[in-house]
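The values are calculated or read from the model by the stated rules, or taken from the named source; none is laboratory data. The model shown is predicted, which means the values in this text are computed figures rather than measured ones. Ideal geometry is used to build each Cβ from the backbone, glycine not excepted, and the neighbour counts take in all protein chains shown. Only protein heavy atoms, including side chains, enter the accessible area calculation; ligands, DNA and RNA are left aside. Shrake-Rupley method; radii C 1.70, N 1.55, O 1.52, S 1.80 Å.
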Amino acid sequence: MKEEEVILVNELDEPIGLMPKLEAHQKAVLHRAFSVFVLNDQNEILLQQRAHQKYHSPLLWTNTCCSHQRSGETNIEAGSRRLFEEMGFKTDLKELFHFIYKAPFDNGLTEHELDHVMIGYYDADPIVNPEEVEDWKWMKIEDIKTDMELNPSIYTVWFKIIFDEFYHYIEDHKL
C-alpha cells in the first residue's frame with residue numbers, strides 16, 4: 001500500500017507539491033492540514049484520546065479529529081472523511097479560520113502545518129475506530145482550558161496550539 005501523501009503549500013496555502021506524510025514530518029516541511037472541533041448542544045467539545053499504537057502522541061487527548069487533505073479534496077471533504085473514519089459519524093462542517101504552526105515531537109518528527117480549523121455539531125455518542133481512537137469524552141470549553149493548564153502533558157502538542165487559536169476565535173465571534 002502506498003504511503004499517504006500530504007499537500008505541500010506555501011504560506012498563502014498554494015499547493016507546491018506532494019510528499020509522503022512521514023517524510024514531511026521528518027523534514028518539517030509546511031503542508032496543508034485540518035482540525036475538526038465537534039460541539040454538542042451543551043457547548044461541549046468532543047475530545048478523542050489517540051490510540052495506543054499511533055506512531056506519535058499515543059494516548060494523548062486531542063480535538064475531535066485532525067489529519068491531512070488528499071490531493072483533489074476540499075478542506076470540508078477531507079474533514080468529513082476523516083471524522084467518519086475516526087469517530088464513526090457524519091455532520092455538516094464549516095471552516096472557521098486557518099493559521100500556520102510548527103510543533104516538534106519528542107521522537108524527532110515535526111508538525112509544520114497550515115491548519116484549516118472547522119466546526120460541526122453533533123449530539124450522539126461516536127462509534128470510534130479503535131485503530132485511531134483509544135477513548136473519547138465531551139468536555140466544556142472552559143474545563144478544557146483549565147485542565148490544559150493543570151495537566152499539559154496529557155494533551156497533544158498541536159491541540160494545545162490549536163485550542164488556543166480556537167478559544168480566541170470563539171471569544172471574538174458568535175458561533
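For the reader, a short list of remarks on this structure follows.
- In this rough spin-label picture, where each label sits 7 Å from Cα along the Cβ direction, the Glu142-Glu14 distance is 4.5 nm.
- Crossing angle, helix 157-172 versus the chain [Cα axis fit, 0-90 degrees, rounded to tens]: 60 degrees
- Look at where the Cα atoms of the stretch 81-148 and of the stretch 32-50 average out, and the two centres are 5 Å apart.
- With 5 Å bins from 0: P(r) over the stretch 111-175, alpha-carbon pairs, percent: 3, 12, 21, 24, 24, 14, 2, 0
- For Asp135, residues with placed amide H under 5 Å, excluding near neighbours: Gln49
- Using heavy atoms of the protein chains and a probe of 1.4 Å, the accessible area assigned to Val38 is about 0 Å².
- A value for Cα extents along the principal axes in Å was derived from the coordinates, and within the list [x] 46, 35, 31; [y] 41, 31, 30; [z] 47, 32, 26 it appears as [y].
- Using a Förster distance of 35 Å, the FRET efficiency for Glu3-Ile100 (Cβ separation, nearest 0.05): 0.90
- Pairs from Lys94/Lys140; Lys102/Lys140; Lys140/Lys160; Lys27/Lys137 whose Cα-Cα separation, in the structure shown, is over 23 Å: Lys102/Lys140; Lys27/Lys137
- Residues whose amide H comes within less than 5 Å of that of Tyr155, counting only those at least five positions distant or on another chain, are Trp61 (H built at 1.01 Å from N in the peptide plane).
- Whole-percent carbon and sulfur share, accessible surface of the stretch 71-175, 1.4 Å: 50 percent
- Exposure of Ser67 as accessible area (Å², to 10), given a probe of 1.4 Å and all protein chains: 20 Å²
- Taking only the Cα atoms of the stretch 79-133, the ratio Rg/Rh comes out at 1.05, with Rh defined as the Kirkwood radius.
- Converting phi to 3J(HN,Hα) with the Karplus coefficients 6.51, -1.76 and 1.60 and the offset θ = phi - 60°, the stretch 56-71 yields 9, 6, x, 6, 8, 7, 7, 5, 3, 6, 7, 5, 10, 5, 9, 4 Hz in sequence order, with x at every glycine or proline.
- Considering only Tyr122, Gln42, Ile162, the residue lying farthest towards the positive end of the dipole of the chain is Ile162, judged by Cα position with unit charges set on Cβ.
- Helix 141-150 axis, angle to the chain major axis (alpha carbon atoms, nearest 10°): 70 degrees
- When the P(r) is computed for the stretch 19-67, the part past 13 Å accounts for 67% of the Cα-Cα pairs.
- GNM top mover of Ile119, Ile16, Ile76 - the chain, alpha-carbon springs below 10 Å: Ile16
- Taking other residues whose beta carbon is less than 12 angstrom from the beta carbon of Asn43, and scoring Lys, Arg as +1 and Asp, Glu as -1, yields -4.
- Nitroxide proxy distance, nm - points 7 Å out along Cα→Cβ at Arg70 and Lys21: 1.1 nm
- The stretch between Leu150 and His56, if pulled fully straight at 0.36 nm per residue, gains 31.6 nm over its current Cα-Cα span.
- Efficiency of FRET between Asn43 and Asp164 - r from beta-carbon atoms, R0 22 angstrom, step 0.05: 0.75
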